[in-house]
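*Asks:* Encoded as structure tokens, here's the structure I'll be asking about.
Please treat every number below as a calculation from the coordinates, not as lab data. These numbers were taken from a predicted model, which means no experiment stands behind them. Every residue, glycine as well, gets a Cβ built from its backbone with ideal geometry; the counts of neighbours run over all protein chains shown.
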Amino acid sequence: MRSARVELRRFAAATELVEAAARFVIEAAQASVAERGSFRIALAGGSTPEALYRRLAASDLQGQVPWEAVDVFFGDERSVPPDDPHSNYGMAARALLEHVPLGASRIHRIEGELAPREAARRYAERLGRAPLDLVLCGMGEDGHTASLFPAMPGLDETRRLVIAAVGPKPPPSRVTLSLGALNAARAVAFLVVGAGKATMLARVLAELEIERPTLPAAMVRPESGVLVWFVDDAAALLLAGAGEFVTARPTRRLVKR
Ligand code: 6PG
């Protein structure tokens with residue numbers, strides 16, 4: 001029985017969304033450290049999360065995160081070296097990690113320069129079996145998230161936490177957290193911005209309500225964690241209603257607050 005709480009938070013502009021997402025990360029970090037002494041976060045690649053990383057690095061916010069107790073993981077990585085412009089680690093390093101007091105031993109990157117299966121094996125060891133406290137996710141226009149692409153082999157993997165993947169989005173060869181890892185997380189936050197995502201966002205949110213979703217982004221439904229979709233008005237164009245929606249499982253009905 002899935003018991004996670006699902007929220008859709010909608011913002012007029014992307015800048016407001018980024019501000020709210022930054023606040024969400026800060027509060028999750030503070031709560032995790034207070035409760036468990038550490039905060040294990042997995043970062044997403046893509047353009048939408050990058051703005052969030054820059055915001056978290058800004059002088060007025062960075063002091064609010066207990067960096068000394070943060071472990072940074074990654075939801076996925078492209079098969080490129082860390083200094084390649086397509087590296088998710090490289091993007092996060094430039095936008096955030098190089099600007100905050102985070103020890104190198106607490107940054108756990110996926111080694112994109114290795115063969116994907118070897119990189120997956122080594123990253124799984126690094127990750128361990130403890131649940132992630134927060135996973136940040138983007139959503140592609142085809143409904144992919146992390147590097148879980150529609151209909152790809154391994155999409156239903158729940159035992160292995162990290163898998164190699166090949167997808168249509170360049171660069172194609174990747175390593176990604178599996179659905180098993182995503183759905184074991186204590187919280188997952190999707191960041192979706194722009195009219196180009198409107199059609200798929202409506203499809204994915206509709207699939208969240210059904211027993212057997214086919215779109216990877218709709219398959220992310222943490223067993224006992226919190227699922228929050230941060231969306232801007234442009235992406236939410238095709239959604240009914242204008243406000244904030246909340247669904248409390250197990251009924252899984254979207255209800256207007
Ligand atoms: C990647 C990502 C991927 C991304 C989405 C959304 O490495 O490509 O992790 O899942 O988050 O494609 O990307 P945008 O925010 O750039 O649209």
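*Asks:* Of Arg203, Arg174, Arg129, which has the largest mean-square fluctuation in a 10 Å C-alpha GNM of the chain?
*Replies:* Of Arg203, Arg174, Arg129, the most mobile in the Gaussian network model is Arg129.
*Asks:* For Trp229, list long-range residues whose amide hydrogen, built 1.01 Å from N in the peptide plane, is under 5 Å from its own amide hydrogen.
*Replies:* Those lying under 5 Å, H to H, from Trp229 are Glu7, Leu8, Arg9, Phe190.
*Asks:* Ok, one more. Let me check the size of segment 47-162 from its C-alpha atoms; what are the radius of gyration and Dmax in Å?
*Replies:* Reported Rg and Dmax, both Å: 14.7, 44.
*Asks:* Determine, from the Cβ-Cβ distance of Thr199 and Arg106 and an R0 of 51 Å, the FRET efficiency 1/(1 + (r/R0)^6), rounded to the nearest 0.05.
*Replies:* 0.85
*Asks:* Place +1 on the Cβ of every Lys and Arg and -1 on the Cβ of every Asp and Glu in segment 28-138, take the dipole about the Cα centre, and give the residue among Ser87, Ile107, Val33 whose Cα lies farthest towards its positive end.
*Replies:* Checking the options against the dipole of segment 28-138, the answer is Val33.
*Asks:* Here's a follow-up. Give me P(r) over segment 131-241, computed from all C-alpha to C-alpha distances, binned every 10 Å, as integer percentages.
*Replies:* Final binned percentages: 15, 49, 32, 4.
*Asks:* Using the Karplus curve 6.51 cos²θ - 1.76 cosθ + 1.60 with θ = phi - 60°, what ³J(HN,Hα) values do you get for each residue of segment 148-165, in whole Hz, with x for Gly and Pro?
*Replies:* These are the phi-based 3J(HN,Hα) values: 9, 9, x, 6, 6, x, x, 4, 8, 5, 10, 7, 6, 8, 9, 9, 7, 9 Hz.
*Asks:* If I stretch the segment between Ala206 and Arg5 completely, what's the gain in nm (0.36 nm per residue apart, minus their alpha carbon distance), one decimal?
*Replies:* In short, 70.8 nm is gained.
*Asks:* Also, quick follow-up: Under the 0.36 nm per residue contour assumption, what length would be gained going from the current alpha-carbon distance of Gln62 and Leu238 to full extension?
*Replies:* Net length gain for the segment: 59.9 nm.
*Asks:* In the chain, what percentage of the DSSP-assigned beta bridges are antiparallel, given to the nearest 5? Intermediate results must be reported in sequence, preceding the final value.
*Replies:* Values: 15 of 39 bridges.
Of those bridges, close to 40 percent are antiparallel.
*Asks:* From the backbone phi of segment 104-119, what are the Karplus-calculated ³J(HN,Hα) couplings (6.51 cos²θ - 1.76 cosθ + 1.60, θ = phi - 60°) in whole Hz, Gly and Pro given as x?
*Replies:* Calculated HN-Hα couplings, in order: 4, 5, 9, 9, 10, 8, 7, 7, x, 7, 8, 4, x, 5, 5, 4 Hz.
*Asks:* OK, next. Taking only Cα atoms and a 10 Å spring cutoff, compute GNM fluctuations for the chain and point out the largest among Glu141, Glu35, Glu77.
*Replies:* Greatest mean-square fluctuation among the candidates belongs to Glu35.
*Asks:* Moving to a separate point now. Between Ala13 and Glu118, with labels modelled 7 Å along Cα→Cβ, what's the label distance in nm to one decimal, could you check?
*Replies:* Inter-label distance under the simple model: 4.8 nm.
*Asks:* Tell me, what HN-Hα J-couplings in whole Hz come from the Karplus equation 6.51 cos²θ - 1.76 cosθ + 1.60 at θ = phi - 60° for each residue of segment 85-92, using x for Gly and Pro?
*Replies:* x, 8, 6, 5, 4, x, 4, 5
*Asks:* Which value, in debye to the nearest 20, gives the size of the charge dipole of the chain about its Cα centre, when Lys and Arg are +1 and Asp and Glu are -1 at the Cβ?
*Replies:* It works out to roughly 720 debye.
*Asks:* If you don't mind, another one. Take every Cα pair under 8 Å in segment 83-203 that's 6+ residues apart, average their separations, divide by the length, and report that relative contact order as a whole percent.
*Replies:* Values: 160 pairs, mean separation 30.8, N = 121.
25 percent.
*Asks:* Does segment 80-135 come out rounded, prolate or oblate by the C-alpha gyration tensor, with a ≥ b ≥ c the root eigenvalues, rounded set by a/c under 1.5 and, if not, prolate when a/b is larger than b/c and oblate if not? Write down the numbers at each step before the final one.
*Replies:* Working: a/c = 2.10, a/b = 1.10, b/c = 1.91.
The shape class here is oblate.
*Asks:* Now for a different question. For a quick check, take a GNM of the chain with Cα springs below 10 Å and name the residue from Arg40, Arg106, Arg186 with the largest mean-square fluctuation.
*Replies:* Result: Arg106 has the largest fluctuation of those listed.
*Asks:* Still on this structure, I have one more. Please report the base-10 log of the normalised intensity I(q)/I(0) for the chain, using a Debye sum with one equal scatterer per alpha carbon and no solvent, at each q in 0.08, 0.12, 0.17 (1/Å).
*Replies:* Log-scaled intensity ratios, in q order: -0.27, -0.65, -1.41.
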